[in-house]
Each structure stands twice: as structure tokens, then as C-alpha cells.
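> One structure coming up, written as C-alpha cells, with questions to follow.
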Amino acid sequence: MANELQRNNGLFGDMMQDWFDNNFFNNVNLPFNSNYMKTDIEETAKQYRVKVDMPGFDKKDIHISYNDDLLTVTGYRDTFDDESDKDGNILHSERRYGQMSRQYRLPGVDLEQVNAKYTDGVLILTLPKLTKQANDGKHIEID
């Protein structure tokens, strides 16, 4: 009886403990998974360089936009083929299809100079920063 009392962690104790012990949250198929669109962003005084892992996407299915200091990268995967058994049942599939999107706040980009390349499943964006013109100031007369 002492073991039973010790094991009871309140109203939700057993349920929560079972979920965490059985890796409940690892098996949930969430729309945002940390295993896709992994990104590296480098910043220098003159530019941002963004590398996004997007294996398996066709270049035509990747859309990039920049608005209000926000870079948005979206990829869409329509279908894929999987191995199935003799009855047509898929034995195991971990590949995703549908739309995936990430956003990055990168202020002050010179949109006329942006360069994008997609090679070997990696999207590489070079986003030069706007050059600030020297502000020598201006004398303002009082009326």
C-alpha cells in the first residue's frame, strides 16, 4: 500500500507520467516538426546569408517573399512514391507532403540585390542590406 500511495501524483499524475514515459509527444504528428527546414543565418555589416535545408523539393515548388522586414520561405510537395507490400499497404512512411513554411525577421534588405540558389536540397539566399546614406544633418530655422 505504501508503494501505491507513493506512486500517485495527484489527479493527473499517472496519466502525465504515462505520456512522458511512453514518449507520447514524440509520436504526435505536429504540423511544425523541428526536423525540416533547418536554417543557418549569418549576418555581416553588408548582408544576410540564409541557408535552408529543403531536400526533396522541386525548385518550382519553393516560393520566397520579403515584406515588412519579414522573409518568408514556403515549399510545397505534392505527392511521393513509397514501397508497399503485395496488398498495396505502405509498410512504413516518414516522408511528408503538403506545404511547409518558415519566416525570418531580417530588417533593411536591398530587394534589388537579393540572390537565391537551390542546389542539392539547400536553398541559399544572399540578402544585401540597404546602404544608409550619410546624414550630414540640416539646419532648421525657427519662424
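> List the residues, sorted by chain then number, that are 5 or more residues from MET54 or on another chain and whose placed amide H is less than 5 Å from its amide H.
Hits under the 5 Å cutoff: VAL122, LEU123.
> Mind ordering 71-78, 111-118, 99-106 by average Cβ neighbours within 10 Å, highest first?
71-78, 99-106, 111-118
Quick note: the coordinates plus some simple rules give every number you see, no bench work behind them. Since the structure is predicted, the reported quantities are computational estimates derived from the model, not experimental observations. When we count neighbours, we look across all protein chains shown, and the Cβ atoms used for this are built from the backbone with ideal geometry, even at glycine.
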